Amino acid sequence: MTTSPAGPPEASAAPAVPDAAPAGAHETQEVAGLAARLRDHRLSSRLTLEVAAARVGLSPAYLSRLETGRRQPSLPVLLGLARAYGTSVSGLLGETFTEPDPVVRGGAIEPGRAGGWGYRRTGAPGRAMQALRVHVPPGVQDAVVRVHPGEEWLYVLQGRLKLTLGERVHLLEEGDSAHFDSLTPHCIAADSSSGVDLLFMHTLLQSPGGELCLGGGPAAPHH
């Protein structure tokens with residue numbers, strides 16, 4: 001693992017939201033019906049588009065496009081929306097809770113349409129710890145520096161990962177892992193031409209601080 005100092009995250013930079021193709025007949029099982037669930041969860045949380053978007057660092061127009069299926073969210077956006085709505089990523093993806101099955105079968109990761117992030121559930125829904133298999137494509141996909149309660153653990157399966165924790169940048173090679181407090185400002189990106197594949201686990205803790213982010217647009221009203 002290579003470690004080098006880096007300057008503090010720039011709080012004024014807004015995240016780039018790449019153009020994405022409209023959702024259509026090629027939706028995978030993981031994202032089918034996602035747009036309607038995003039809207040239902042927001043309404044159930046009694047949040048307007050403006051308030052919900054501000055809590056996650058998005059524009060109301062972009063959140064509206066997510067709710068109408070014209071865009072698909074990246075993994076960091078899904079995590080932020082899950083925290084804002086008091087639910088889990090599995091809940092947003094439409095996983096129904098039944099008797100937990102300890103075995104989760106493998107399968108291909110389908111790339112998302114917004115930024116190319118791909119993810120697949122690798123743990124049972126409804127648990128305190130959530131597990132995902134993630135593909136992060138090359139290039140700058142999400143400039144948001146995130147801060148929220150909980151813990152995160154990741155393991156590099158293939159490629160090289162650029163992990164920013166506070167004011168330090170860590171380059172993780174295949175077989176390297178990281179375990180950190182999510183209250184440490186953090187950002188992940190691929191540092192290899194083919195992207196990076198990860199195992200990713202986190203604990204989703206709910207608190208007013210769970211919606212904080214730096215450099216991701218407007219802050220929550222209470223921040």
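For this structure, a couple of remarks:
- Across segment 146-167, the qualifying residues are those that are among the hydrophobic types (A, V, I, L, M, F, W, C) and more than 22 Å from Gly118 (Cβ to Cβ), and the one among them that is least open to solvent (accessible area, probe 1.4 Å) is Val147.
- Segment 168-183, residues that are open to solvent by 50 Å² or more (accessible area, probe 1.4 Å), assigned to a loop (DSSP other than H, G, I, E, B) and either of a type in the set (Phe, Trp, Tyr) or modelled with pLDDT of 90 or more (or both): Glu173, Glu174
The values are calculated or read from the model by the stated rules, or taken from the named source; none is laboratory data. What you see is a predicted model; the values in this text were computed from it and never measured. Cβ sites come from the backbone with ideal geometry, for glycine too, and all protein chains shown count toward neighbours. Ligands, DNA and RNA are stripped out before the accessible areas are found, and what is left, the full protein with its side chains, is counted by its heavy atoms. Shrake-Rupley method; radii C 1.70, N 1.55, O 1.52, S 1.80 Å.
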